[in-house]
1. What gaps in nm, shortest first, separate residue B:21 from its twins in the other copies when you place the label 7 Å past Cα toward the beta carbon?
2. Summing Lys, Arg as +1 and Asp, Glu as -1, what charge do residues with Cβ under 12 Å from the Cβ of residue A:53 carry, residue A:53 excluded?
3. If you count, for every residue in A:58-64, the Cβ atoms of partner chains within 10 Å of its Cβ, what is the mean?
4. Using a 10 Å cut-off around each Cβ of peptide B:11-24, what is the average number of partner chain Cβ atoms that fall inside?
5. If you take the beta carbon distance between residue A:40 and residue B:55 as r and set R0 to 35 Å, what does 1/(1 + (r/R0)^6) give as a FRET efficiency, to the nearest 0.05?
Number of protein chains: 2
Amino acid sequence: RRSHMTVSYTDPQVSMDLLRAVLQPSFNDDIMAVFRKYQKFFEKAAENVKENVGDDVQTDQLIRETYRNVLEHAKQLFPEGEMKRAGPEVPIKRSRPAEEDCS
Amino acid sequence: RRSHMTVSYTDPQVSMDLLRAVLQPSFNDDIMAVFRKYQKFFEKAAENVKENVGDDVQTDQLIRETYRNVLEHAKQLFPEGEMKRAGPEVPIKRSRPAEEDCS
């Protein structure tokens, strides 16, 4: 019997998040590959910081915090609400057909 | 004259964030390429949701929210504080050479 499932499968975001959870490990691998591309720059920078500021700087922690910031800023690729784009475009409002007419 | 700069270049995270800001656009391109790999799955899922829940579901918005969640969850790759790893590994403490000895 499945009558006691607590997750609402009719909540759109819940359904999407199930797929997200499935794909997340694979996505994380790809993300890590991207970070490895830039790793040497961040390591160099962290070492410079340590040199300038002092030995109590934990470079690993500094780099991880920076990486989390990268991911946070990447969210701006997918803005909330209506897409706001520069330019003369006017947001298109889809007019709903009046359902009362279909009798 | 540069005497009125308000940014502290001795704050380790500020220094790192300058590099982050420089690399962010390039990083965003790579992130977008990763998302394109998975796009068809999310589009399919969003269409299913729309079919099941109703036409007032905005699939674009749903997908963008899911993508932000992907990025949020990816932060767990870079945990705050000490790295906590499963397994028998013991964190390596590098012993500092006692500088007082070098006289």
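Any read-out appearing in this document is the output of simple, stated calculations on the displayed coordinates, not a laboratory observation. Note that this is a predicted model, so its numbers are computed, not measured. Positions of Cβ are backbone-derived with ideal geometry, glycine not excepted, and every protein chain shown enters the neighbour counts.
1. So the label point of residue B:21 gives 3.9 nm to the other copies.
2. Details: positive: A:50; negative: A:47, A:51, A:55, A:56, B:11.
With Lys, Arg at +1 and Asp, Glu at -1, the net is -4.
3. Details: counts 3, 2, 3, 7, 4, 2, 7.
Mean inter-chain Cβ contacts per residue within 10 Å come to 4.
4. Numbers: counts 2, 16, 5, 1, 8, 12, 5, 1, 9, 11, 3, 1, 7, 5.
Partner Cβ neighbours, averaged per residue: 6.
5. Values: r = 49 Å, r/R0 = 1.41.
After rounding to 0.05, the efficiency reads 0.10.
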